[in-house]
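Q: Sharing a structure below in C-alpha cells format, with a few things to ask.
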Amino acid sequence: MKSKLQNRGAIPGQLARIAPFFLPFLFFQSAIFVMLSPLPLFVLSLRGALPLALGALFSNLILTRFAGANPNELLVLGIFWFGVGNLFPLLIRKTGKIQGSLVYAFICMILLFLGALQIRAHEIGLGVIDYLRSEISIGMDHLIHLPNSPVKKLVDEQGRDGLFRQLMTELPSGLLIALLLSLWVNLLFASQIVPSFLSKSFWNRFKNPEWLVWPTLGSAALYAFGEHAPYYIGLNLFKLLMVFYAFQGLSVLGFLMTRNEIAGLGRILIFSVALFLALPLVLALGFFDLWFDFRKKFGQI
C-alpha cells in the first residue's frame, strides 16, 4: 500500500518536470493564456535550471512548427518565449533587481525583434517601413475576407485607408505594451508559484524612478506637432510610459487594501473595477504618487 501511495505522489512530480516541454505550446493555442505561455520556462529559469529551460524552449518551438507555424512566426515566438521565459528570470538571478531586469529584458527583446525585422526586410529587398506596410496590408486583406470578420466592419466604418493608417500609427505602442504586460504578468504568477521568490510587500511597494516623469512629459509635449512624425512618436511613447504608472497606481491600490485588510474576493473585485472601469484614475494615482507619496501619507493616518 505504501509503495502505491509513493507512486501516486511521484506522478505529479514527474508531470511537473516534463510540463514545461509542452505547456507553453498548449497555452499559446488559447487566446486566454497566450500571455502566460512563457510562464513554465520562467519558473524553470528562475530556479536555476537554464539548460532545461532552453531545451523546453526548443521543444515547444518544434511542437509549434508541427502545428503549422511558418518560420517567421517561429522566430517571433522564439524571441518572445526566450525574452520573457529565459532572459528575464536569468537577469533577476544575476542582479537581484526586478525593475532593472525587466527594463533590460524589454529592451533586448525589442532589439531582437528589430534585428529579425531588418533581416527579413533585407531578404525581399524592402526597407523596414515598407515591409511593415506590406505585411499589415496583407494581414488586413486576409482578415477582411474571414466570415463575420470584425475587421470588415471597421473597414466599412473608417475606410480601408483610414484603418490602415490607424494601425500603422498605433500598432507599435500596442505591441510594446503587450510585451511589457507579458513580462509583468509572468513575474506576478511566478511570484505565486516559486516560494520565497518575492515577498507580498513587493507588489505594495513598487515605485517608478523619479526621472521617468521627464520622458513622460516630453512625449506628451510632442502632441503639439499635430499630424506630423513627432506627434506619432510622442503618442506611442506616452502610451507605453503610462503603463509603468498603471503598475504604480495598482501598487498604491494594493497597499491601501492591505492596510484595510481587504483580501480574497473583495481584493479581486476592486482590482477588476479599477482596471476595466476606472483605469484613468489608476493612471492618475500612479503618476501623482511621485509627488504626493500616497502610501506614506495614508500610512500615517
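No value in this document is a laboratory result; all are computed from the given coordinates. Remember, predicted model here, so these are calculated numbers, not experimental data. Here the Cβ is made from the backbone with ideal geometry for all residues, glycine too, and neighbour counts use every protein chain on show.
Q: Tell me, what ³J(HN,Hα) does each residue in region 139-153 have, in order and in whole Hz, if you take phi through Karplus 6.51 cos²θ - 1.76 cosθ + 1.60 with θ = phi - 60° and put x for Gly and Pro?
A: So the J values, rounded to whole Hz, are x, 4, 4, 5, 5, 4, 8, 6, x, 6, 6, x, 5, 4, 5.
Q: Using a/c under 1.5 as the rounded threshold, could you call the chain rounded, prolate or oblate? The axes a ≥ b ≥ c are square roots of the C-alpha gyration tensor eigenvalues, and prolate needs a/b larger than b/c, oblate otherwise. Intermediate values should be presented prior to the final figure.
A: Values: a/c = 1.77, a/b = 1.09, b/c = 1.63.
Since a/c reaches 1.5 but b/c is at least a/b, the shape of the chain is classed as oblate.
Q: Provide Lys97, Lys207, Lys296 in ascending order of the number of other Cβ atoms located within 10 Å of each residue's Cβ, fewest first. Walk me through the numbers on the way to the answer.
A: Values: Lys97 12, Lys207 15, Lys296 9.
Ranked by crowding around the Cβ, least crowded first: Lys296, Lys97, Lys207.
Q: Give me Leu54, Leu217 ranked fewest to most by other Cβ atoms within 10 Å of their Cβ, as a rough exposure proxy.
A: Values: Leu54 16, Leu217 11.
Ordered by Cβ neighbours within 10 Å, fewest first: Leu217, Leu54.
Q: What whole-number distance in Å separates the alpha-carbon centres of region 26-98 and region 139-201?
A: 18
Q: Filter the cross-link list Lys94/Lys239; Lys97/Lys297; Lys207/Lys296; Lys153/Lys239; Lys97/Lys239 down to pairs whose alpha-carbon distance in this structure exceeds 23 Å. Don't skip to the end; give the middle numbers.
A: Values: Lys94/Lys239 30 Å; Lys97/Lys297 26 Å; Lys207/Lys296 12 Å; Lys153/Lys239 26 Å; Lys97/Lys239 25 Å.
The answer is Lys94/Lys239; Lys97/Lys297; Lys153/Lys239; Lys97/Lys239.
Q: Sorted from fewest to most neighbouring beta carbons within 10 Å, what does the list Met140, Met242 look like? List each step's numbers first, then the result.
A: Details: Met140 18, Met242 22.
With the fewest neighbours first, Met140, Met242 line up as Met140, Met242.
Q: Could you work out the relative contact order of region 199-301, using alpha carbon pairs under 8 angstrom and six or more residues apart, expressed as a whole percent? List each step's numbers first, then the result.
A: Numbers: 85 pairs, mean separation 31.2, N = 103.
Over region 199-301, the number comes to 30 percent.
Q: So, with +1 on the Cβ of K and R and -1 on the Cβ of D and E, and no other charges, what is the size of the charge dipole of the chain about its Cα centre, to the nearest 20 debye? Intermediate results must be reported in sequence, preceding the final value.
A: Values: 24 positive and 14 negative charges, 320 e Å.
Result for the chain is approximately 1540 debye, rounded to the nearest 20.
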